[in-house]
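Heads up: the structure comes next, in structure tokens.
The values are calculated or read from the model by the stated rules, or taken from the named source; none is laboratory data. Here the structure is a predicted model, which means the values were calculated and not measured. Virtual Cβ from ideal backbone geometry, glycine too; neighbours counted across all protein chains shown. These area figures cover heavy atoms from the full protein model, side chains too; ligands, DNA and RNA do not enter into them. Shrake-Rupley method; radii C 1.70, N 1.55, O 1.52, S 1.80 Å.
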Amino acid sequence: MNNHFWLKLIGFSGALSVALGAFAAHGLEGKLTIEYLQTFRTAVLYQFLHTLALFGVVCLPVTLFKPHFRTWILGSFATGILLFSGSLYLLVLLELPLLGAITPIGGLGFILGWCLLMFAQKEVY
């Protein structure tokens, strides 16, 4: 996928992060338990941080990466956002604790993306 796709996804995810953060602050406070509100805020935080990570990777020169590493990193972060933050949003809003079982898979996506980033740089000779 090219930068055009990723920049659209990053813009959407960033805007959604801000909107959901405002929703938590102004629409959910007093309507959720403290624990559920904190869970929702954690989902927003991780979504926003990894949206910025996506942006950072997209802004780096493609020539910096070993073949396919950039795609794998971007895919790992995007999957992490969807599964980690998405499952927490649904867990809180639909009150379905079973969705919490998906959250660690998203966390693994985040971890994989960061680990891939450690080894992504082409060898410099």
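Conditions (1) without any contact (Cβ under 8 Å) to a residue 60 or more places away in the chain; (2) not aliphatic (A, V, I, L, M), marked per residue:
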site	(1), (2)
ILE10	yes, no
LEU16	yes, no
LEU20	no, no
LEU45	yes, no
ARG70	yes, yes
LEU94	yes, no
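Quick check: anything in region 17-31 under 25 Å from MET118 (Cα atoms) and surrounded by 17 or more Cβ atoms within 10 Å (Cβ to Cβ)? So far as region 17-31 goes, no, none of its residues is under 25 Å from MET118 (Cα atoms) and surrounded by 17 or more Cβ atoms within 10 Å (Cβ to Cβ). Counting only residues that are aliphatic (A, V, I, L, M) and buried (at least 19 other Cβ atoms within 10 Å of the Cβ), region 32-52 holds 2 of them. The C-beta contact set for region 108-125 (first residue on the phi < 0 side of the Ramachandran plot, second residue in a loop (DSSP other than H, G, I, E, B), distance under 8 angstrom, 6+ apart or interchain) comprises PHE119/LYS66; ALA120/LYS66; GLN121/LYS66; LYS122/LYS66. Against the definition (surrounded by fewer than 19 Cβ atoms within 10 Å (Cβ to Cβ) and at pLDDT 95 or above), how does THR71 come out, yes or no? Answer is yes for this residue. Only one of (1) modelled with pLDDT under 95; (2) open to solvent by 30 Å² or more (accessible area, probe 1.4 Å) is not met by PRO104, so which one is it? Of (1) modelled with pLDDT under 95; (2) open to solvent by 30 Å² or more (accessible area, probe 1.4 Å), only one is false for PRO104: (1). Taking the numbered list (1) touching a helix residue (DSSP H, G or I) at 6+ places or on another chain (Cβ under 7 Å); (2) among the β-branched types (Val, Ile, Thr); (3) free of Cβ contacts under 8 Å to residues at least 24 places away in the same chain in turn, VAL58 passes all entries but (3).
Cβ-Cβ contacts under 6 Å between residues 6 or more apart (or on different chains), taken from a first residue in region 73-87 that is of a type in the set (Gly, Ala, Ser) to a second residue that is outside any helix (DSSP H, G or I), are listed as SER87/ILE102. For region 81-101, the tally of residues that are touching a Leu at 6+ places or on another chain (Cβ under 8 Å), small (Gly, Ala, Ser) and modelled with pLDDT of 95 or more stands at 1.
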